[in-house]
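Visitor: Here it is: the structure, laid out below.
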Amino acid sequence: MTGTPANSASPERVSAEQAVAAGKDFGELAASARGVFWTAYDPADAATRLWQWRSGSAARCLTPDGFSVRGRVYEYGGGSFCLAEDAVVFANEKDQRLYRQPVEGEAAPVALTQAGLRYGDLRYRDGLVLAVEEDSGTHRIVSIALADGARTVLVEGADFYASPCLRADGARLAWIEWQRPHQPWTATRLRSSERDASGAWLPAHTLAGDDIEDALQQPQFDAHGTLYCLSDRGGFWQPWREQGDALQALPAASADHAAAPWQLGARNWIALDDGSSLATWTDEGWGVLGHRAADGALHTLAPEYSRFRNLAADDEHFYCLAASPTCPAAVLAIRRDDYRIEVLADVSPMMPVERIPVPERLRFASGDAESHAYFYAPPSIESRQAPPPVVVFIHGGPTSACYPVFDPRIPYWTQRGFAVVNLNYRGSTGYGRAYRQALHESWGVVDVDDACNVVAHLAAQQRIDPARAFIRGSSAGGYTTLCALAFRDVFRGGASLYGVSDPLTLGQHTHKFEADYLDWLIGDAVADAERYRARTPLLHADQIRVPVAFFQGELDAVVTPDQTRSMVSALQANGIATEAHYYADERHGFRKAVNQAHALQAEYAFYCGVLGQTPL
């Protein structure tokens, strides 16, 4: 991961191994007086390492062998490191303990916490590390002294917590919390507590979230002690600030300034010391980065990029993680005086830019609404005698999203003659609260409608061959895939990657963070039992008449392996051609390069077999 340009000597077709190697990514970023720091994930060894850059010197890796910077609070983690005066504190993937590591020198990391607990959303202030702590399904906000690891419980009693932050004087604490059955993208509360004269914390009070269903996230104090957050009460996640006992909307684009917070530690809007702000938002799924000056003037930054994450700033630069249709991931430093961009690190797409398929934004009718997608055509489509086959990608979540950025899997498919549709079905984040809420009690219906209707939309334009349409999805996307195959006659075959086949059983065995999500997506398990039966692919396996491939991690605690095994057995009993690949060392989402490459190759070969073609 360097700042060098892509290698122009790429082979004719990108291999599965090359596609996976280009899947390196940057995960988190923070800045301090000691430079800018970010995490970098490498599928070659499935490790995440911390890097540091200081003006006038090259970036260097801080993480020694045997460590990987990754927390697992709520299974998805996030906020896995924070910066102290002369050290970094991070969650180690293997044992989930917090470690203190000096920034200078070669001293080894030293454990701050005991084994058996998980930590995320780390923040540092005046000798204390604030964190969300997870203890066998119980969650709280704690502080941990950097000097000796002394732990103090600050807030507890709610089901879930996120984003603890302290005012600069240390006398006020704010955070986000929510109760079951809500998710952090449906309804949360912004709460706050103050210290009394003795230093004890007074009873907390709610600032927002009690009177209306308001999904609040990312609270922060500015240098003057004003509290801000993102709220979707206006229809989009936008910046608001505390004004007396209420929240006041700030000038902002009518667009989502954040994604659904599946992970902790996001930072998409920041208040700057000079009264200005730095923000990123999505314009129909396309990312925008903007600096709003103290006088209200808005300056758009880095327009060649289409996704921005983890914003930070110091006196001279703005920093962020970015990606574009031709760049998988980059760390940007943008000068505050003239907005000039310096790429501190990036990931090579491993192929010439001119051979990278460009995403085309689609808006198409689906039922009585519109849905969104990105379309990628295979090369030389104009010279083809017949429209190409198509693979419809269904993202997980389901309240997540796909983005118009370089995804090395897509040229893998297009270079082999397949068109690709990356679908942001109704329920996806990035298009406002109403679009996201469209999935309420409609999972397995509106998402399936959108997957089928995008095929019809492209077929009507003769851009794809609807008789050679495939669908594939991971996690919740696997559920949409199986529903489409069971309840519609549109697709020639499909692939489920650690996908849900029995939602009712999933609700009984999955982790706490998602245990009640199905009540929102489908309904009450008892009162709406018939609805569950009608939308359970496992109970309707006899309606699947096309081949299906399955890929599953044996260590998956989100969608447990029995979900896949039950579906495979049911299909095989009905004489349906299936393939099932199980990975003993993978959890929810494959991280190891050898497994990712194997799954990609096997899925492609499976579709070729369905079409009676020899894999290229």
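The values are calculated or read from the model by the stated rules, or taken from the named source; none is laboratory data. Everything numeric here is computed off the predicted structure, so don't read it as measured data. Virtual Cβ from ideal backbone geometry, glycine too; neighbours counted across all protein chains shown.
Visitor: Can you spot a residue in segment 447-469 that is within 22 Å of the chain's Cα centre (by Cα), outside any strand (DSSP E or B), at pLDDT below 95 and within 30 Å of Tyr161 (Cβ to Cβ)? Write out each step before concluding.
Guide: Just the residues of segment 447-469 that are within 22 Å of the chain's Cα centre (by Cα), to begin with: 447-448, 450-451.
Still in the list and also outside any strand (DSSP E or B): 447-448, 450-451.
Within this subset, residues satisfying the condition of being at pLDDT below 95 are none.
For segment 447-469, residues within 22 Å of the chain's Cα centre (by Cα), outside any strand (DSSP E or B), at pLDDT below 95 and within 30 Å of Tyr161 (Cβ to Cβ): absent.
Visitor: If you go through segment 313-368, how many residues are basic (Lys, Arg) and either touching a Cys at 6+ places or on another chain (Cβ under 8 Å) or closer than 22 Å to Phe37 by Cβ (or both)? Write out each step before concluding.
Guide: Of all residues in segment 313-368, those basic (Lys, Arg) come to 335-336, 340, 355, 361, 363.
Filter once more, so that each one left must be either touching a Cys at 6+ places or on another chain (Cβ under 8 Å) or closer than 22 Å to Phe37 by Cβ (or both): 335-336, 340.
The number of residues fulfilling the criteria is 3.
Visitor: Identify the residue in segment 166-183 that is charged (D, E, K, R) and modelled with pLDDT of 95 or more and, among all such residues, is farthest from Ile212 (Cα to Cα). Reasoning before the result, please.
Guide: Start the filter on segment 166-183 by keeping residues that are charged (D, E, K, R), which leaves 167, 169, 172, 177, 180.
If we keep only those that are modelled with pLDDT of 95 or more as well, we get 167, 172, 177.
Numbers: Arg167: 26, Arg172: 25, Glu177: 15 Å.
The residue in question is Arg167.
Visitor: Find the residue count for segment 565-591, including only residues that are in a loop (DSSP other than H, G, I, E, B), surrounded by fewer than 17 Cβ atoms within 10 Å (Cβ to Cβ) and not acidic (Asp, Glu).
Guide: The total comes to 4.
Visitor: Filter segment 454-475 down to the residues that are under 22 Å from Ala369 (Cα atoms) and surrounded by 19 or more Cβ atoms within 10 Å (Cβ to Cβ) and list them by number.
Guide: If the condition is that a residue be under 22 Å from Ala369 (Cα atoms) and surrounded by 19 or more Cβ atoms within 10 Å (Cβ to Cβ), then Val454, Val455, His457, Leu458, Ile471 are the ones that fit.
Visitor: Between residues in segment 72-83 that are farther than 9 Å from Gly265 by Cα and in contact (Cβ under 8 Å) with a residue 40 or more places away in the chain and residues that are part of a loop (DSSP other than H, G, I, E, B) and β-branched (Val, Ile, Thr), which pairs lie under 7 Å by C-beta distance while being six or more apart or on different chains?
Guide: Filtered contacts from segment 72-83: Glu75/Val558.
Visitor: So, one more: Here are some residues: Gln52, Gln18. Which one is polar (S, T, N, Q), in a helix (DSSP H, G or I) and either in contact (Cβ under 8 Å) with a residue 40 or more places away in the chain or exposed (fewer than 15 other Cβ atoms within 10 Å of the Cβ) (or both)? Please lay out each step first, then the result.
Guide: On the way: Gln52 fails: in a helix (DSSP H, G or I).
None of the others qualify; the one that does is Gln18.
Visitor: Still on this structure: Cβ-Cβ under 6 Å, sequence separation 6+ or interchain: first residue in segment 559-573 and more than 14 Å from Val546 (Cβ to Cβ), partner assigned to a helix (DSSP H, G or I) and not hydrophobic (A, V, I, L, M, F, W, C). Which pairs?
Guide: Thr560/His509
For every residue, the table says whether it meets (1) of a type in the set (A, V, I, L, M); (2) buried (at least 19 other Cβ atoms within 10 Å of the Cβ); (3) within 21 Å of the chain's Cα centre (by Cα).
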{"position": "Arg292", "(1), (2), (3)": "no, yes, no"}
{"position": "Ala297", "(1), (2), (3)": "yes, no, no"}
{"position": "Ala302", "(1), (2), (3)": "yes, yes, no"}
{"position": "Tyr305", "(1), (2), (3)": "no, yes, yes"}
{"position": "Asn310", "(1), (2), (3)": "no, yes, yes"}
{"position": "Ala313", "(1), (2), (3)": "yes, yes, no"}
{"position": "Val331", "(1), (2), (3)": "yes, yes, yes"}
{"position": "Arg335", "(1), (2), (3)": "no, no, no"}
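Visitor: Pairs, please: C-beta under 6 Å, at least 6 apart or cross-chain, first residue more than 26 Å from Phe90 (Cβ to Cβ) and buried (at least 24 other Cβ atoms within 10 Å of the Cβ) and in segment 264-285, second at pLDDT 95 or above and acidic (Asp, Glu)?
Guide: Partner pairs satisfying both residue conditions: Thr282/Asp256.
Visitor: Pairs please, first residue from segment 601-615 and free of Cβ contacts under 8 Å to residues at least 60 places away in the same chain, second anywhere and among the hydroxyl-bearing types (Ser, Thr, Tyr) and loosely packed, with under 15 Cβ neighbours inside 10 Å, Cβ atoms under 7 Å, 6+ apart in sequence or on different chains.
Guide: Cys608/Thr614
Visitor: Residue under question is Asp450, and the condition is that it be among the acidic types (Asp, Glu), assigned by TED's automatic domain parsing to the domain that holds Ala529 and crowded, with 24+ Cβ neighbours inside 10 Å; does it hold? Quick ask: steps written out before the conclusion?
Guide: On the way: among the acidic types (Asp, Glu): yes; assigned by TED's automatic domain parsing to the domain that holds Ala529: yes; crowded, with 24+ Cβ neighbours inside 10 Å: yes.
So Asp450 fits the description; yes.
Visitor: Right, another one. Yes or no: Val153 surrounded by fewer than 19 Cβ atoms within 10 Å (Cβ to Cβ) and of a type in the set (Val, Ile, Thr)?
Guide: Taking the combined requirement at face value, the residue satisfies it.
Visitor: Let me ask something else. Residues being buried (at least 24 other Cβ atoms within 10 Å of the Cβ) and closer than 22 Å to Tyr161 by Cβ: count how many of those fall in segment 241-258. Write out each step before concluding.
Guide: Pass one, segment 241-258, residues buried (at least 24 other Cβ atoms within 10 Å of the Cβ): 256, 258.
In the following step, the residues that additionally are closer than 22 Å to Tyr161 by Cβ were identified as 258.
Of the residues in segment 241-258, 1 are buried (at least 24 other Cβ atoms within 10 Å of the Cβ) and closer than 22 Å to Tyr161 by Cβ.
Visitor: Next question, about the same structure. Quick check on this structure: which one of Gln114, Gln96 is modelled with pLDDT of 95 or more and of a type outside the set (Val, Ile, Thr)?
Guide: On the way: Gln114 fails: modelled with pLDDT of 95 or more.
Criteria check complete, one pass: Gln96.
Visitor: While we're looking at this one, here's another question. Would a scan of segment 543-564 turn up a residue that is surrounded by 16 or more Cβ atoms within 10 Å (Cβ to Cβ), more than 25 Å from Tyr604 (Cβ to Cβ), outside the structural domain of Asp159 (by TED's automatic domain parsing) and within 25 Å of the chain's Cα centre (by Cα)?
Guide: yes
Visitor: Could you check how many residues of segment 286-307 are in contact (Cβ under 8 Å) with a residue 40 or more places away in the chain and in a loop (DSSP other than H, G, I, E, B)?
Guide: 2
Visitor: It is to be established whether one or more residues within segment 396-410 are out of contact with any Phe, Trp or Tyr (no Cβ under 7 Å at 6 or more places or on another chain), touching a residue at least 12 places away in the same chain (Cβ under 8 Å) and of a type in the set (Val, Ile, Thr).
Guide: Yes: one or more hits.
Visitor: Out of Ala171, Ala200, Ala158, Ala204, report the one residue that is more than 28 Å from the chain's Cα centre (by Cα) and surrounded by 19 or more Cβ atoms within 10 Å (Cβ to Cβ). Before you say what the answer is, go through the steps one by one.
Guide: Values: Ala171 fails: surrounded by 19 or more Cβ atoms within 10 Å (Cβ to Cβ); Ala200 fails: surrounded by 19 or more Cβ atoms within 10 Å (Cβ to Cβ); Ala158 fails: more than 28 Å from the chain's Cα centre (by Cα).
On inspection, the qualifying residue turns out to be Ala204.
Visitor: Quick check on segment 207-237: of everything there that is of a type in the set (D, E, K, R) and surrounded by fewer than 17 Cβ atoms within 10 Å (Cβ to Cβ), which residue is nearest to Arg195 (Cα to Cα)?
Guide: Quick first cut of segment 207-237, residues of a type in the set (D, E, K, R) only: 210-211, 213-214, 222, 232-233.
Next cut, surrounded by fewer than 17 Cβ atoms within 10 Å (Cβ to Cβ) only: 210-211, 213.
Details: Asp210: 23, Asp211: 26, Glu213: 29 Å.
Selected residue: Asp210.
Visitor: Okay, next question. Any residue at all in segment 427-441 that is under 19 Å from the mean Cα position of the chain (by Cα), outside any loop (DSSP other than H, G, I, E, B), surrounded by fewer than 20 Cβ atoms within 10 Å (Cβ to Cβ) and assigned by TED's automatic domain parsing to the domain that holds Gly553? Explain how you work it out, then say what you get.
Guide: As a first pass, look at segment 427-441 and keep what is under 19 Å from the mean Cα position of the chain (by Cα): 427-433, 435-437, 439.
Next, only the ones that are outside any loop (DSSP other than H, G, I, E, B) stay: 433, 435-437.
Add one more test, that the residue is surrounded by fewer than 20 Cβ atoms within 10 Å (Cβ to Cβ), and what stays is 437.
From what is left, the residues that are assigned by TED's automatic domain parsing to the domain that holds Gly553 are 437.
Yes - at least one qualifying residue is present in segment 427-441.
Visitor: While we're on this one: Could you go through segment 538-548 and let me know if any residue there is under 26 Å from Arg591 (Cα atoms), touching a residue at least 24 places away in the same chain (Cβ under 8 Å) and not in a loop (DSSP other than H, G, I, E, B).
Guide: Checked segment 538-548: at least one residue is under 26 Å from Arg591 (Cα atoms), touching a residue at least 24 places away in the same chain (Cβ under 8 Å) and not in a loop (DSSP other than H, G, I, E, B).
Visitor: Let me spell it out: the conditions are (1) farther than 24 Å from Ala451 by Cα; (2) in a strand (DSSP E or B), and Glu370 meets all of them except one. Which number is the exception?
Guide: (1)
Visitor: Hey, another quick one. Going by the structure shown, is Val594 under 29 Å from the mean Cα position of the chain (by Cα), of a type outside the set (Phe, Trp, Tyr) and part of a loop (DSSP other than H, G, I, E, B)? Can you show your working first?
Guide: On the way: under 29 Å from the mean Cα position of the chain (by Cα): yes; of a type outside the set (Phe, Trp, Tyr): yes; part of a loop (DSSP other than H, G, I, E, B): no.
So Val594 fails the test.
Yes/no per residue for (1) at pLDDT 85 or above; (2) over 30 Å from Lys512 (Cβ atoms):
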| site | (1), (2) |
| --- | --- |
| Met1 | no, yes |
| Ala9 | no, yes |
| Leu29 | yes, no |
| Gln52 | yes, yes |
